[in-house]
Each structure stands twice: as C-alpha cells, then as structure tokens.
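This report concerns only the one structure given below.
The values are calculated or read from the model by the stated rules, or taken from the named source; none is laboratory data. Because the structure is a prediction, the values reported are computed rather than measured. For neighbour counting, all protein chains shown are included, and Cβ atoms are generated from backbone atoms with ideal geometry for every residue, glycine included.
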Amino acid sequence: MKRIFISEIGKDTDVKDFFLVAKKALYSSKNNTRYASLRLKDRTGSIEARIWERADELSAGFDRDDIVYVEAKARIYQDEVQLNVTDIRKETREPSPEEIREFYPESASGTERLKEAFLRITGEIGNIHLSRLFDELKRRRETLDAFFLFPASVGVHHVSIGGLLEHSVAVAEMGRHAAAFTGGDGDIIVAGSLLHDIGKIEEITFKGGGFSYSDRGRLLGHITLGIAMLEGLVAAVDGFPPYLADVLKHIILSHHGEAEWGSPKKPMCIEALVVHYLDNLDAKVMGVKEHMESSMEDESWTQFHRLYASRFYKIPER
C-alpha cells in the first residue's frame with residue numbers, strides 16, 4: 001500500500017498515500033471558517049495535517065484509527081512540516097498482516113531477530129513433550145503469524161508490532177537464567193513464559209486501522225482464551241502428560257498473581273512464581289520506557305502515569 005513514509009516528507013512534497021488517523025478534531029477559525037485538524041501516522045512517525053476546504057464533508061467520511069488515503073501538499077508551519085489536505089477518504093479494504101506493519105512501529109528488538117530467538121529457545125527445550133507441543137504450535141501458521149505480529153497490549157506495554165513476541169521471549173530468556181538461582185524446572189518455566197499471554201492473539205484484534213479488544217477478548221479475557229488454545233495444542237500431541245498440561249494451565253491462570261489483577265489463581269508452584277514475577281517486571285519496565293518516550297514533562301521527569309500512579313525520573317546520560 002505505502003509508497004512514501006512520514007519520515008520522507010519535506011517541504012513542498014506532493015503526498016498521495018495511505019496513513020493511519022491518530023487524531024481528528026473539527027474547529028472554527030477566527031473568521032468562522034470550519035477546518036479539520038488531524039494527526040496522521042505510519043511506522044516512521046506522525047505528522048500534523050489540516051483540511052481547509054470542505055472540512056465537514058471530508059471529515060465525515062472517516063474517524064480516528066481509520067486507514068485513509070490522503071492527497072496533500074506539505075508545507076512549513078511554525079518550523080514544522082504540515083500537510084495541507086485536498087482530498088481524504090477511508091480505505092474500506094481490510095489490510096493484510098504485512099500491510100498492518102506499515103502503520104505501526106516495530107518492536108525495538110526487531111521481529112526477525114525475535115523470531116530467531118523464539119526458534120532457538122524452543123529448539124533448546126529438552127522435555128520431549130514440551131518440544132512436541134511447540135512443534136504443533138509451529139505447524140499452526142495462522143496462530144504463529146499472529147503471535148509474531150501482535151502487540152502485547154493495546155496501550156499499556158509493548159505497544160508495537162512484534163510486542164507480544166518481544167515480551168514473551170524476554171520473559172523466557174530471563175526465566176531460563178532465573179531457574180539456575182531459584183530452582184524449578186527450566187523447561188516448564190520457558191514453556192510457560194512463551195505461552196502465558198498467547199490468548200492475546202484472540203483478545204486483541206485489528207479493527208479499522210487500529211489494535212483494539214475483540215468481542216471475545218472483552219467477554220473472556222486472554223487468560224481464558226489462552227487456556228482454550230493450550231488445550232487445543234495439548235489435544236494434538238499424543239501422550240502429553242495430564243500433570244504437565246495442568247501445570248502449564250496453572251501458569252497461564254496465575255501469571256497476573258492476584259485476583260484483583262485478573263488471575264483466578266495465585267501462583268502455587270516455583271515455575272508459576274518465576275513466570276509471574278518476570279512477567280510483571282518486564283511489562284512494568286517496558287511500560288515505563290514507553291511512557292518516557294512519549295510523555296516527558298521536561299528532560300528529567302515524565303508526566304504522571306495513571307496506571308502506575310507515579311512520575312518517573314530519567315537518569316541523564318553522562
């Protein structure tokens with residue numbers, strides 16, 4: 001779909017391409033002229049845009065989080081590049097997974113490197129039953145492609161293409177090392193780490209032009225969906241031990257740690273404890289990092305983070 005990215009747009013650039021609508025608002029100027037203020041984005045960044053002619057008519061045809069086709073001319077306004085939009089219309093065709101990647105930033109770790117890490121980690125699992133379980137997952141290309149594509153959340157942490165994979169691999173890598181100090185079965189910790197959030201590929205959906213929660217996701221949540229997905233994988237592996245299936249289910253059920261955080265069970269084995277604390281650590285640290293990227297109040301302090309109920313200090317580079 002894409003021919004030009006926001007990072008390539010400069011003064012006087014003629015733009016005829018697709019973008020994601022990140023913000024949309026209608027205003028009246030001092031002389032009572034209606035205009036639309038937009039922020040458009042793709043995987044390389046975002047840009048301000050204005051519709052000065054036929055603002056009400058054109059803006060009625062699309063909304064926030066829609067993918068739109070834009071015809072515009074770039075100009076400089078207050079030392080920033082801005083698009084003067086002459087035509088804009090909603091793209092009605094659903095984008096393919098590869099096209100979705102054009103509109104969202106990729107995880108900092110890079111999805112190709114993360115895929116290699118996933119294959120390496122699962123290839124190192126010594127337990128034959130767990131190894132066969134991941135072989136079955138790898139045969140389910142649609143499931144695996146979604147696992148490699150989706151963010152880990154809609155707006156809390158790892159909000160990027162490949163974010164779910166990045167988070168799961170990080171927890172698994174840390175879990176393998178933690179097992180040497182905490183004890184517990186390293187293969188189960190790794191398997192539980194990689195599977196603990198797998199239900200998110202059904203909890204989250206790409207709708208219109210943005211990631212949001214699916215109807216099933218809102219009704220059931222990723223823990224319930226993850227249990228169902230695991231049961232389907234286990235059923236396809238001959239001779240999979242029932243106790244091992246129960247331990248993996250328990251890790252999924254308990255990885256949030258407390259009922260008030262969404263877990264119906266507290267962690268009740270060493271492996272579940274390790275996955276819970278590492279999941280919490282990785283999610284919170286990445287959440288703070290992403291908050292620092294977008295919400296710095298000044299050079300040292302972030303704005304107040306409502307979920308974590310705190311501001312955060314960014315240690316200066318020296």
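See the values below:
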item	result
Residue selected from segment 93-121 under the condition polar (S, T, N, Q) and modelled with pLDDT under 85, by the criterion nearest to the chain's Cα centre (by Cα)	107
Extreme residue, modelled with the lowest pLDDT, among residues of segment 144-171 that are β-branched (Val, Ile, Thr) and touching a helix residue (DSSP H, G or I) at 6+ places or on another chain (Cβ under 7 Å)	156
So residue 111, is it farther than 13 Å from residue 51 by Cα, of a type in the set (Val, Ile, Thr) and crowded, with 16+ Cβ neighbours inside 10 Å	yes
Flag for residue 71 being over 30 Å from residue 111 (Cα atoms), within 30 Å of the chain's Cα centre (by Cα) and either among the acidic types (Asp, Glu) or in the same structural domain as residue 163 (by TED's automatic domain parsing) (or both)	yes
Options 231, 271, 293: the member that is more than 23 Å from the chain's Cα centre (by Cα) and either more than 24 Å from residue 180 (Cα to Cα) or among the aliphatic types (A, V, I, L, M) (or both)	231
Those residues of segment 109-143 which are free of Cβ contacts under 8 Å to residues at least 40 places away in the same chain and closer than 30 Å to residue 294 by Cβ, in sequence order	112, 113, 116
Scope segment 279-318; condition loosely packed, with under 12 Cβ neighbours inside 10 Å and in contact with a Ser or Thr (Cβ under 8 Å, 6 or more places away or on another chain); matching residues	313, 316
Among residues of segment 73-88, those that are in contact with a strand residue (DSSP E or B) (Cβ under 9 Å, 6 or more places away or on another chain), farther than 10 Å from residue 15 by Cα and of a type outside the set (Ser, Thr, Tyr), counted	7
